Amino acid sequence: MASVAAGPLPNKISGEESSSSNPSDAVIFFGISLVLGIASRHVLRGTRVPYTVALLILGIGLGSLEYGTNHRLGKIGDGIRLWANIDPNLLLAVFLPALLFESSFSMEVHQIKRCMVQMLLLAGPGVLISTFCLGFALKLAFPYDWSWKTSLLLGGLLSATDPVAVVALLKELGASKKLSTIIEGESLMNDGTAIVVYQLFYRMVLGWSFNLGAVIKFLTEVSLGAVGIGLAFGVVFVLWLGFIFNDTVIEIALTLAVSYIAYFTAQEGADVSGVLTVMTLGMFYAAVARTAFKGDGQQSLHHFWEMVAYIANTLIFILSGVVIAEGVLSSDSIFKTHGNSWGYLILLYVFVQVSRMVVVGVLYPFLRYFGYGLDWKEATILVWSGLRGAVALSLSLSVKRSSDNSSYISSETGTLFVFLTGGIVFLTLIVNGSTTQFVLHLLAMDKLSTPKRRILDYTKYEMLKKALDAFDDIGDDEELGPVDWPTVRRYITCLNDVEGEGHVHPHAHSVFQSDNLDPMNFKDIRTRFLNGFRASYWGMLDEGRIMQTIANLLMRSVDEAIDMVSHEPLSDWKGLKANVHFPNYYKYLQTSICPQKLVTYFTVERLESACYICAAFLRAHRIARQQLHDFIGDSEVASIVINESEAEGEEARKFLEDVRVTFPQVLRVVKTRQVTYSVLNHLIDYVQNLEKAGLLEEKEMIHLHDSVQTDLKKLLRNPPLVKIPKIRELINVHPLLGALPSAVCEPLAGSAKVIMKLHGVTLYREGSKPSGIWLISNGVVKWASKTMRNKHSLHPTFTHGSTLGLYEVLIGKPYVCDMITDSVVLCFFLEAEKILEVLRSDPAIENFLWQESVIILAKLLLPQIFEKMTMQDLRSLVIERSKMTIYLRGETIEIPHHSIGFLLEGFIKTQGVQEELITSPAALLPSSGDLSFLGSEMSGSKPASFYHQGSCYQVETRARVIIFDIAAFEANRALQRRPSSLVSHSVDQPSRSLSREHGGLMSWPEHFFKPSQNDHNPEEETDLRANNLSARAMQLSIFGSMVNNNRWHASSSKRSQIKPSHSVSYPKVPSNHGRPLVSIRSEGSSTVRKKLEVRELIGQNSTSQLQSSSTKERVRDDSSDESGAEDELIVRIDSPSSLSFRQAS
């Protein structure tokens, strides 16, 4: 402290004392003080008297024996004198850092945040009001003829409610958490501000002059500088703590070292408040680093600081008593001069209490408004708990020491300062400290609420049941025989009052009406429920399920939800939403300024963090629901709270399902880290248990333990990361680009732009000019349109493998709808010019691109039919049940029964009484009499502008039309009724095995749709190659990276050298009614809930093989083996879509 250092303070005791005593005698006083402290705590445990009061009285007794009995204590007296003459600076420097850090570190951060304004009011304006009140009283009512500066100096000195005394009192007595936080936080803060005020007036007494601006500048520099230094030390040492791995001794020693280094740096180096510095440091540690101590380390830290606080409190209160006794017994001349000093001490005590009442009374309106509020009962306790302690006493000793060699302060004034301060410390601790619990009882603030009392009684009955269960388990053994329950029951006196009363459920209807549930019961159960979440989060932190930063967020959400339990349902998810969803500033990452790799890194990191939060949130709720049900059983209150918990988890559950569909790699990495950490922890427990059982020696256990710890350290330092596959890999498994021959695919892949889009970003808008196509690799995109509104579109989304904007690029018209990301989306963008160049390179590729475009177009124009189908179903429909034909002007287009057509390009018109010109794109339906096969969605509905009905259409210009056979729809609906079937079997084609040709399902991609070895004319060859490209696209959408890319590209390149000729009107993909439709469900939003585990392969795969007409006989000959397996199985394929397949015979 600058104030203390400014005066000429003696740093050593006098030469006479030093010659007759040995410095080692101080150890005797230390040991005796600890023994007295242990005895006081032991004797007074369970009483209403705080042990600190007894310590102060014992210290006064020791001092009286030493200073009032002519040195009769020998070596003990020498030790007492050494401690009594300790330098005040050293006294503060030894005890305050540890006590302040322990007190501030043990406070709850959320409580500090809510009560911060109240604490600042009491520690700022409150200290100033108290200083001036006491200063005026000392100047006007006391006969010491002090100057205003001297009176204000003592007033500021006495304004500090000492945290040492108050914290010790609150730990011994009971008070609400809100009130405890206000009293403890105010004590910590106003101790620092009182010292700052003391420094100011002390310098004024020594002759320094200050104007108002200088005073404000001084107070600002000293206080804000202290806060800054505390934060700086906190950041540095928390970073250091992050590099320490499972070394509890170093972690605890670091917290002790930083408190003393920060105090010394601030107090002596920067000339600012060391108290505020250590307080800031402790609160920063509590906010940031509390979760860094896990499991045994956290318990060790708690016990260590509890022991440090106990030792420091013991020494400082006994020493305070000794100093008070020494000050009184050495002030005989003062009592002769001022005979009424004892009376004025009592008067000063009254003024101290009155000033405290004035402070709380003036600030009461603000204290009621801010934070948790404050009622009159709590305000009464706040007044009565304003104890003074070692800080005020040390500051008065500084004045006394400086008065011996100062012309500004007389020796008599210094002695009076010690006498009056010591007397106030004694009176506040003896009177206020001993009666605080009585005041709490008088105000009925120590009573349990009715719900808590009923829970307590109910718990006693549960304890009795557990006692009986334990007796049944261990009441009889082979060695000692049985024991009777009544004998055991007599020793369990804590449950004596249980058996005589009836068992009453805590939420029984006899206490309140069932239709008017008591809000206090809801508040109590919700609070217990949320406390269960906190305990679960600590457990998950120890198990490695969550990281330190995630744990801080989760526990903060619990604290915020506890504040709302009295008037809102469970709301802990509200505090987590902002950390799960992407913040608005992430949209700025979409600009071209940020590199795409950086955007991908931050996006994936955010997704990973959100998955940790959601998974831990859902797990904590599930555990808490089970525990509440096991404890309370069935009750209306518990059921309502459990329903609130289930409703809270809906959004988190949906988020995880969305991530599972869009970015399964993230969930896989999160689970990998959790499982690895858990396995390593199990290994550590196993080795330790072997050592405890005597099967391993300590040296062997340490060797194995260290090896596992090394692996655990590697996991924490280098955890598994979410790695987006290389661009080339993603492109090769996309159905569009991966299906193209390598000669065509390579240039397109080189020009593709990889882009990561956040939720809610528009890819393109309806009516805008098509600039290119978007290939969706991961994520979900939804569409919306003003012109194609359709009530049947319930889930207008596209996922992995979709090619968006391709139809508009091919036809050269504006985009037909808006495409907006519905999740985080990883996609590729290809410019329209590149696609058009490929379009003109090969007729087979042209036909393939048109086939790919109709997949998206079908979902847009007729969502009531095609929206139910997966992308794989649609691709197989295009291959197996479609016919694409180019018509010239004057030709007639017929839509067969049970078929649907799509006009892709050109103009046609209806035939009949009312001719209507139809432009592309349009859906062509059969005449109204044939709509019954479409189901209730289409039957009887009025045609919309984007689909038309009629059996024949006249071609006006060159038109491209693709027609789907409705038999495919019937087969698809049959598949939906039987979700376990992989392939729909037609009547005339029985199930065939894949065991020979395909060697099981896993070998299917290499042999799927083998081209016929027979010769074809150019038109048929073009048809076949286009068909093979579409089949290849379907394979990629199903099997992903399992498909042999090199083999396909090589064979495709050879076939692409054939140039077919064109006819006037030719079919591109002929329909084959003999081939079955393949339907394989991917793990999308419609099936992901049913496919959360991989089942073991039990039997052989049994299915009907997809085959073309040219290879039908060959496949039938090679696949003669039949499998009778009936067990359902799931084969999970390692591809970006993380697909699952079900199969049953």
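The values are calculated or read from the model by the stated rules, or taken from the named source; none is laboratory data. Quick caveat: nothing in here was measured; it's all calculated off a predicted structure. We place every Cβ from the backbone using ideal geometry, glycine too, and count neighbours over all the protein chains shown. In case anyone asks, the SASA skips ligands and DNA or RNA and just uses the protein heavy atoms, side chains included. Shrake-Rupley method; radii C 1.70, N 1.55, O 1.52, S 1.80 Å.
Brief remarks follow.
- For Asn313, the conditions (1) at negative phi; (2) modelled with pLDDT under 80; (3) open to solvent by 10 Å² or more (accessible area, probe 1.4 Å) are fulfilled apart from (2).
- Inclusion of Phe426 among residues that are more than 19 Å from Asp630 (Cα to Cα), of a type outside the set (Lys, Arg), open to solvent by 60 Å² or more (accessible area, probe 1.4 Å) and in a helix (DSSP H, G or I) is warranted.
- The one condition from (1) assigned to a helix (DSSP H, G or I); (2) open to solvent by 40 Å² or more (accessible area, probe 1.4 Å); (3) not assigned by the TED database to the domain that holds Asp818 that Arg673 does not meet is (2).
- Test result for Arg388, among the basic types (Lys, Arg) and within 23 Å of Ala93 (Cα to Cα): yes
- Residue check for Val604: of a type outside the set (Phe, Trp, Tyr), over 30 Å from Lys465 (Cβ atoms) and either within 26 Å of the chain's Cα centre (by Cα) or not in a helix (DSSP H, G or I) (or both): yes
- Test for Thr380: is it assigned by the TED database to the domain that holds Gly156, buried (at least 22 other Cβ atoms within 10 Å of the Cβ) and either at positive phi or not small (Gly, Ala, Ser) (or both): no
- Any chance Gly750 is open to solvent by less than 10 Å² (accessible area, probe 1.4 Å) and assigned to a helix (DSSP H, G or I): no
- Residue count for segment 49-84, restricted to those that are open to solvent by less than 50 Å² (accessible area, probe 1.4 Å), in contact with a Ser or Thr (Cβ under 8 Å, 6 or more places away or on another chain) and not in a helix (DSSP H, G or I): 1.
- Any chance Asp162 is over 36 Å from the mean Cα position of the chain (by Cα), crowded, with 24+ Cβ neighbours inside 10 Å, modelled with pLDDT under 80 and not aromatic (Phe, Trp, Tyr): yes
- For segment 706-739, the set of residues classified as open to solvent by less than 80 Å² (accessible area, probe 1.4 Å) and assigned to a loop (DSSP other than H, G, I, E, B) consists of Pro719, Pro720, Val722, Ile724, Pro725, His734, listed by residue number.
- Any hit, segment 1-12, residues being under 45 Å from the mean Cα position of the chain (by Cα) and at pLDDT 80 or above: no
- In the set Ile623, Ile613, only one residue is closer than 15 Å to Phe529 by Cα, of a type outside the set (S, T, N, Q) and at pLDDT 90 or above; that residue is Ile623.
- Residues of segment 864-886 include at least one that is basic (Lys, Arg) and in a strand (DSSP E or B).
- Residues of segment 626-666 that turn out to be assigned to a helix (DSSP H, G or I) and open to solvent by 40 Å² or more (accessible area, probe 1.4 Å), as a count: 17
- Among the residues of segment 756-792, those that are among the polar types (S, T, N, Q), out of contact with any helix residue (DSSP H, G or I) (no Cβ under 7 Å at 6 or more places or on another chain) and either at pLDDT below 85 or not in a strand (DSSP E or B) (or both) comprise Ser768, Ser785, Thr787.
- Within segment 889-904, being among the acidic types (Asp, Glu) and outside any strand (DSSP E or B) holds for one residue alone: Glu891.
- Residue within segment 273-284 that is under 28 Å from Gly544 (Cβ atoms), in a helix (DSSP H, G or I) and open to solvent by less than 10 Å² (accessible area, probe 1.4 Å) present: yes
- Per the listing Thr603, Thr549, the residue uniquely in contact with a strand residue (DSSP E or B) (Cβ under 8 Å, 6 or more places away or on another chain) and either open to solvent by 20 Å² or more (accessible area, probe 1.4 Å) or touching a residue at least 40 places away in the same chain (Cβ under 8 Å) (or both) is Thr603.
- Taken over segment 478-512, residues that are at pLDDT 70 or above, charged (D, E, K, R) and surrounded by 10 or more Cβ atoms within 10 Å (Cβ to Cβ) amount to 2.
- Applying the condition of being over 44 Å from the mean Cα position of the chain (by Cα) and more than 17 Å from Glu221 (Cβ to Cβ) to segment 189-208 and asking which residue is most open to solvent (accessible area, probe 1.4 Å) yields Gly207.
- Among residues of segment 16-27 that are at pLDDT 60 or above, those with a beta-carbon under 7 Å from a residue that is of a type in the set (Lys, Arg) at least six positions away or on a different chain give the pairs Ser21/Arg81; Asp25/Lys75.
- Residue in segment 168-175 that is at pLDDT below 90, open to solvent by 20 Å² or more (accessible area, probe 1.4 Å) and touching a Phe, Trp or Tyr at 6+ places or on another chain (Cβ under 8 Å) present: yes
- Qualifying residue in segment 755-762 (condition: open to solvent by less than 10 Å² (accessible area, probe 1.4 Å), touching a Phe, Trp or Tyr at 6+ places or on another chain (Cβ under 7 Å), closer than 30 Å to Arg673 by Cβ and not hydroxyl-bearing (Ser, Thr, Tyr)): yes
- Pairing residues of segment 289-307 that are more than 22 Å from Ile684 (Cβ to Cβ) and outside the structural domain of Ile250 (by the TED database) with residues that are surrounded by 15 or more Cβ atoms within 10 Å (Cβ to Cβ) and of a type in the set (S, T, N, Q), at Cβ distances under 6 Å and at least 6 apart in sequence or on separate chains, gives no pairs at all.
- Complete set of residues in segment 888-905 that are surrounded by 23 or more Cβ atoms within 10 Å (Cβ to Cβ) and touching a residue at least 60 places away in the same chain (Cβ under 8 Å): Ser899, Ile900, Gly901, Phe902
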